[in-house]
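Written below as structure tokens is the structure these notes are about.
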Amino acid sequence: MKSIGRYEIRAMLGQGGMGRVYKVVIPGIQKVAAVKSLQPGPKLVETMGMDRLREQFVREASIIANIRHPHIVEIWSLEETEDQLFYVMEYFCHNLGTLIGEAYWADAPTRVVRVEKAVQVILEVLQGLSRLHHAGIIHRDIKPFNIMFTDSGTVKIVDFGLSRKRGEAPAEKAGTLIGTGFYAAPEQIASPEKADHRADLYSTGIMLYRMITGKLPGPVFEPPGSLNPDLDASWDQLIVKATDPNPEKRFQDAKSMGEEIREVYGRYRKRKEMDCPLPDALAVSAESEKDESPLQTFLRSQAGLILAKQGKAAFGIDDLYRPKTYIRNRMEAVHNDFFMDHATGLIWQRAGSEYPVSFRQAQDYVEKINEQKAGGHDSWRLPTVNELLSLLNPPPPGEDFCFASPFSSVQKWIWSGDTRSVRASWMVNFEMGFVMSGDVMDFFYVRAVCSL
């Protein structure tokens, strides 16, 4: 299928029991959007009937469209053609599932998220849930792939296909599994029609556990502190309460859960900041760095086509798409907005593009700064993935309170010059330190580089 209604399909983003979600282009203005189409499987149609499914689909669209909140996805329209019923909504390039590296086998290890980032995500999820619960809506499928991020990193909750209003008769038949097994609360699995808003809080607690440990809870509970040395007993107590099998012993609302997380994180942050050495102890001269690492590391500088199956070998990355080895940089400021890394012989922009741009716009940006001879150079280019990886630090555990990066923290997703296909290019996430690819119509930042 090349189109749905008047929209050109760019890619399929996901598929569930009720239908499919597509990435589409709005004709005329060439804006990227997402479309969810009602395409239920034969068994679901046989179980519930097409009329009931249509009614539920329209109801789902209505629920989202009438909730105005910064952490809830916006629906723009509900449309129907001769043989298709679908709604159009905001499109986002990123989600939490991709950020942590959750795979088809959800119980496989994932990337550990720095505590500060994990707390920011969970607090925004809880704010969105608080709004939903205030309206009497239970989401019933809170999981990483239903937590999207805007270009600025703001959380957006999506996929309300399983949601239910308080007091509403269940649309599904008794015995139907509602939610995603690893994240669904015990009472939601046992008796979906009896689960209330506290089931969403349980799922949120499981997400927090996964982010700060890189694992899902097993049959024998492992306290977060035993898996992440940065965490003390207060985190263990928080997770135990959030994920208690008995809903009466959990947090009773999203607001109280958020308040407890803020308190625990506040104490954690103070403790970590007290561990930082004095500035003099952190200072290392460029000369002493050069003495320790006198040889330059030469990196692939010619961008090219790197197929998906070639990525791990070409970039030197592990199964979670992080570098297998890290380079010890030797940065020196040159001019106000540029740094030279003596370890690689590369000159970098400190920040780069002020706003996220498409891949074509990224190329235009580089052409423009070459015309301007930014920093006295006219050989700026989009870096290769290997060059971008040279700037990364090892992943957590470890909150970098004591480390001040010379680079701007705004540019988290950065384009490389390497392509994966005609429609996709590679980029590096600097917040989590991994490689991924994206559509050339997606929006990421630029940090240009030039060689000496």
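The values are calculated or read from the model by the stated rules, or taken from the named source; none is laboratory data. Note that the structure is a prediction, hence the values are computed from the model and not measured. All Cβ positions, glycine included, derive from the backbone under ideal geometry; neighbour counts span all protein chains shown.
With (1) surrounded by fewer than 21 Cβ atoms within 10 Å (Cβ to Cβ); (2) in a loop (DSSP other than H, G, I, E, B); (3) touching a Gly at 6+ places or on another chain (Cβ under 9 Å); (4) not basic (Lys, Arg) as the list, and Val112 as the residue in question, which single condition is left unmet?
Of (1) surrounded by fewer than 21 Cβ atoms within 10 Å (Cβ to Cβ); (2) in a loop (DSSP other than H, G, I, E, B); (3) touching a Gly at 6+ places or on another chain (Cβ under 9 Å); (4) not basic (Lys, Arg), only one is false for Val112: (1).
With the requirement that a residue be within 25 Å of the chain's Cα centre (by Cα) and not charged (D, E, K, R), what does the stretch 20-49 give you?
Step one: of the stretch 20-49, the residues within 25 Å of the chain's Cα centre (by Cα) are 20-26, 30-37.
Result: Val21, Tyr22, Val24, Val25, Ile26, Gln30, Val32, Ala33, Ala34, Val35, Ser37.
Please list, ordered by first then second residue, the pairs with beta carbon atoms under 7 Å, 6 or more apart or interchain, first in the stretch 210-238 and acidic (Asp, Glu), second assigned to a helix (DSSP H, G or I).
Asp230/Val115; Asp232/Gly225; Asp236/Pro224; Asp236/Gly225
Against the condition charged (D, E, K, R) and under 19 Å from Thr243 (Cβ atoms), how does Asp83 come out, does it pass?
no
In the stretch 68-75, is there at least one residue being surrounded by fewer than 16 Cβ atoms within 10 Å (Cβ to Cβ), within 25 Å of the chain's Cα centre (by Cα) and modelled with pLDDT under 95?
Filtering the stretch 68-75 for residues surrounded by fewer than 16 Cβ atoms within 10 Å (Cβ to Cβ) gives 68, 70, 74.
Among the residues that remain, those that are also within 25 Å of the chain's Cα centre (by Cα) are: 68, 70, 74.
Keeping just the survivors that are modelled with pLDDT under 95 gives 68, 74.
Yes; the residues of the stretch 68-75 include at least one that is surrounded by fewer than 16 Cβ atoms within 10 Å (Cβ to Cβ), within 25 Å of the chain's Cα centre (by Cα) and modelled with pLDDT under 95.
If a residue must be without any contact (Cβ under 8 Å) to a residue 60 or more places away in the chain and buried (at least 17 other Cβ atoms within 10 Å of the Cβ), how many such residues does the stretch 1-16 contain?
Within the stretch 1-16, residues that are without any contact (Cβ under 8 Å) to a residue 60 or more places away in the chain and buried (at least 17 other Cβ atoms within 10 Å of the Cβ) number 1.
Go through the stretch 314-349 and count every residue that is surrounded by fewer than 17 Cβ atoms within 10 Å (Cβ to Cβ), in a loop (DSSP other than H, G, I, E, B) and in contact with a Phe, Trp or Tyr (Cβ under 8 Å, 6 or more places away or on another chain).
So the answer is 1.
What is the one condition in (1) modelled with pLDDT of 90 or more; (2) under 28 Å from the mean Cα position of the chain (by Cα); (3) in a helix (DSSP H, G or I); (4) outside the structural domain of Tyr209 (by TED's automatic domain parsing) that Arg54 does not satisfy?
Just one mismatch for Arg54, condition (2).
In the set Leu85, Leu129, which member is surrounded by fewer than 22 Cβ atoms within 10 Å (Cβ to Cβ), modelled with pLDDT of 95 or more and hydrophobic (A, V, I, L, M, F, W, C)?
On the way: Leu129 fails: surrounded by fewer than 22 Cβ atoms within 10 Å (Cβ to Cβ).
Leu85 is the lone residue from the list that is surrounded by fewer than 22 Cβ atoms within 10 Å (Cβ to Cβ), modelled with pLDDT of 95 or more and hydrophobic (A, V, I, L, M, F, W, C).
Are any of the residues in the stretch 20-42 in a loop (DSSP other than H, G, I, E, B), on the phi > 0 side of the Ramachandran plot and touching a residue at least 24 places away in the same chain (Cβ under 8 Å)?
Taking every residue of the stretch 20-42 in turn, none turns out to be in a loop (DSSP other than H, G, I, E, B), on the phi > 0 side of the Ramachandran plot and touching a residue at least 24 places away in the same chain (Cβ under 8 Å).
Could you tell me how many of the residues in the stretch 140-153 are within 27 Å of Phe443 (Cβ to Cβ) and in contact with a helix residue (DSSP H, G or I) (Cβ under 7 Å, 6 or more places away or on another chain)?
5
Which of the residues that make up the stretch 140-180 are at pLDDT below 90, of a type in the set (Val, Ile, Thr) and surrounded by 18 or more Cβ atoms within 10 Å (Cβ to Cβ)?
Ile178, Thr180, listed by residue number.
Give the residues of the stretch 408-443 that are over 13 Å from Ala308 (Cα atoms), aliphatic (A, V, I, L, M) and not in a loop (DSSP other than H, G, I, E, B), sorted by residue number.
Ile414, Val428
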